[in-house]
Structure formats: C-alpha cells, structure tokens
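The values are calculated or read from the model by the stated rules, or taken from the named source; none is laboratory data. Since this is a predicted model, take the numbers as computed values, not measurements. Neighbour counts are summed over all protein chains in view; Cβ atoms, including those assigned to glycine, are modelled from backbone coordinates with ideal geometry.
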Amino acid sequence: MTRAVAAQPETLLSWMEGLADPTRLRLLRLLERHELGVVDLCDVLQAPQSTVSRHLKVLGDGGWVRGRREGTTNLYRMILDELEAPARRLWLLAREQTDTWSTVAQDRLRLERRLREREEKGGEAFFAGAAGEWDKVRSELYGQAFGVEAMLAMLPAGYVVADLGCGTGRMSEQLAGHVKQVIAVDNSPAMLKAAKKRLEGRENVDLRRGEVEALPIESGSCDAAVLVLVLTYVAEPAKGIGETARVLKPGGRGVIVDLLPHDRPEFRRVMGQKHMGFSPGDVERWMGEAGFARVSCRALPPEPAAKGPALFLAAGVRLDRT
C-alpha cells in the first residue's frame, strides 16, 4: 500500500510532463486520429526532424504514443483506449482546452493536404504508362504558367480590374494581357518603383499611390478587384473591404486572399504585418456589411513547400446600389 501511494505523484508528474509542451500537445492531437510518420509530422508541424523526434521520444517514454516499423519508416499512433483512466481524463481536458488554438486549425489544414497527397499517390498505381506521371511530365516539359494564362483568358476582355496592394506588380502583369485596364494601387514608393520597372511597356496598367482604406479610384469604375495578401497590412481591414466595394460596379466581383488566424507573433513581426490573420466568419461579415452578396470564404490547401501560415480565399459580388 505504501509503495502504491508513493508512486502516485511520480506517475502524475510523468503524465503532466508529457502534456507540458505545445508541440507535444499538437503531436498528440494529430496522432490521436491518424498513424503518421516523422516526415508527415515534420510537414504538418513545420518543424525540423530533430525537434519532432525529440518530442516523440518524450511521449513514447511516457506511454502516450506507440511506434511501429513499416519498411524503412517508423509510424506513430496515440492509443487512447490503452491509457490509464486518469491519464485519459487528463488528455481529454487538454484536448478540450486546445480546440480553439489557431495553430491547431493550421495543423488540421496541413494534415488534410498531406493525407490527400498520400491518397493521390496511392491512386497512381491504377494508371497505366505515363498517365500516373502526367502532371510531373507536363510541368517539366511546359512549365506551369500556361494553366494560369488559360484561366485568365476567360476574363472578359473589356474588364477594368483593380489590383489593390499591388506590390511589385506581379499580378497586374498577369492580368494586363487579358483585360482592358488594370488599376494598380500601393502605398509604398519602393513597391511602386519595382512595379513600374516590371510593367514597362504595359500601357493598360495605371499605377497609383494610395491607401487601401482610401483608394484613389472613382466609385463604381471597376468590374473586379483583388486584394492578395494585403489585409494583414491594413490597419482597418473592414474599411479596406468597404473601399473595395465602393470602387466596383454593381455586379462587380471582389476577391480576397489572406492569412487565416495563426499563433506566430514572430512571423507577424518579421513580415511587418498588423494582424495575425482573419477568421472566415469575420471576413464574410465585413464583406456583407460592405455590400457584397453571395459571399463565400474557404481555406486554401497549403502548398507543400509553403512555410507561412495557411491562407483563405474569399469572394463576393457587389450589390446594385439601387
């Protein structure tokens, strides 16, 4: 009896040590539902292999996860049913308290993309000859820009498009060959200088200096407007969306791409951003208040090589002011 009582504090502290790190909590959330390898976990957590392996060892030593060998890969899984009842209750509390973490939402998006890639890779076995490698072969032979060009060619040739927060003019350059006019706005003289150099010879691009919250564009003069990775730099994003609606014609389309909420303050500081992402609910509400209808907002699957936070895509149609 004495030995059992004496062991209780040590056991409790061991369980608490396993959960006393945000990376280990993120790992357990992933491994509770899926069996994953170190490479998978590094990709989802955006962490080096040494970090992931170190935390997996702590979790393994504490009995939180179990590993098994499959070929040359070690796969890990959290077996919740095999935990002692007090440890299980402790984990359920920890899981509940981390449900609203922005980082957990980002992990979920990267995991969904990773699992999708795994399924697609497995499906290639059903294709014969070069079919399974066609995307790779096509990219190697012809690049990838032609796909974007094909989609841009569907834009009506008479469109006037506002590229808001145009930066160095990359998107304006892509749009210019397919529409009547591009009005490109940015508040940075350095960015506009780079854009002017890039867009030299593009007579249908009108570069203007101005703020997104006070656009130097006439009301109702544009058929479409895009804000790509701009709102996180805008002090009043709702006002910027309102200005976007103002410059659109009735029926004009507004498109926004920006960051989902994240827990990376150092990233925000280094990038000089004013906000740490936006929830789809807030963006939809701001667009509705600005006069957009048929608003949709969805998370974009993170690209494999992308190191920044996950993104969302929002779109809506400007209501007729009458």
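Filtering segment 196-210 for residues that are assigned by TED's automatic domain parsing to the domain that holds A176, within 22 Å of V317 (Cα to Cα), polar (S, T, N, Q) and not in a strand (DSSP E or B) leaves an empty set. Exactly one residue among G169, G177, G158 is within 30 Å of P189 (Cα to Cα), surrounded by fewer than 10 Cβ atoms within 10 Å (Cβ to Cβ) and modelled with pLDDT of 90 or more, and that residue is G158.
Looking at G242, G254 in this structure, which one is in contact with a helix residue (DSSP H, G or I) (Cβ under 6 Å, 6 or more places away or on another chain), part of a strand (DSSP E or B) and either of a type in the set (G, A, S) or surrounded by fewer than 17 Cβ atoms within 10 Å (Cβ to Cβ) (or both)? Working first, answer last.
Working: G242 fails: part of a strand (DSSP E or B).
On inspection, the qualifying residue turns out to be G254.
Out of all the residues in segment 289-312, which are in contact (Cβ under 8 Å) with a residue 24 or more places away in the chain and among the small types (G, A, S)? Hits for segment 289-312 are A290, G291, A293, A299, G308, A310. Under 6 Å by Cβ, and 6 or more places apart or on different chains, what pairs join a residue from segment 103-117 that is more than 13 Å from L31 (Cβ to Cβ) with one that is small (G, A, S) and surrounded by fewer than 19 Cβ atoms within 10 Å (Cβ to Cβ)? Taking only residues 6 or more apart or on different chains, the pairs are L109/A299.
If only residues of segment 217-234 that are more than 21 Å from the chain's Cα centre (by Cα), part of a loop (DSSP other than H, G, I, E, B) and of a type outside the set (D, E) are counted, the one that is nearest to C166 (Cα to Cα) is I217. Looking only at segment 47-104, filter to residues that are among the small types (G, A, S) and within 16 Å of W15 (Cβ to Cβ); which one of those is surrounded by the fewest Cβ atoms within 10 Å (Cβ to Cβ)? Looking at the filtered set, the residue picked out is A85.
When the residues of segment 202-236 are filtered to those that are acidic (D, E) and under 16 Å from M171 (Cβ atoms), which remaining residue is surrounded by the most Cβ atoms within 10 Å (Cβ to Cβ)?
Here is the first cut: in segment 202-236, the residues acidic (D, E) are 203, 206, 211, 213, 218, 223, 236.
With the extra rule that they be under 16 Å from M171 (Cβ atoms), the set shrinks to 206, 223.
Numbers: D206: 17, D223: 20.
Taking the candidates together, the pick is D223.
Each row is one residue, and each column tells you yes or no for (1) within 29 Å of P304 (Cα to Cα); (2) in contact (Cβ under 8 Å) with a residue 60 or more places away in the chain.
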{"position": "R29", "(1), (2)": "yes, yes"}
{"position": "C42", "(1), (2)": "yes, no"}
{"position": "P48", "(1), (2)": "yes, no"}
{"position": "G62", "(1), (2)": "no, no"}
{"position": "E82", "(1), (2)": "no, no"}
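Residues in segment 257-281 that are under 11 Å from A314 (Cα atoms) and in a helix (DSSP H, G or I) were compared, and the one that is nearest to the chain's Cα centre (by Cα) is P280.
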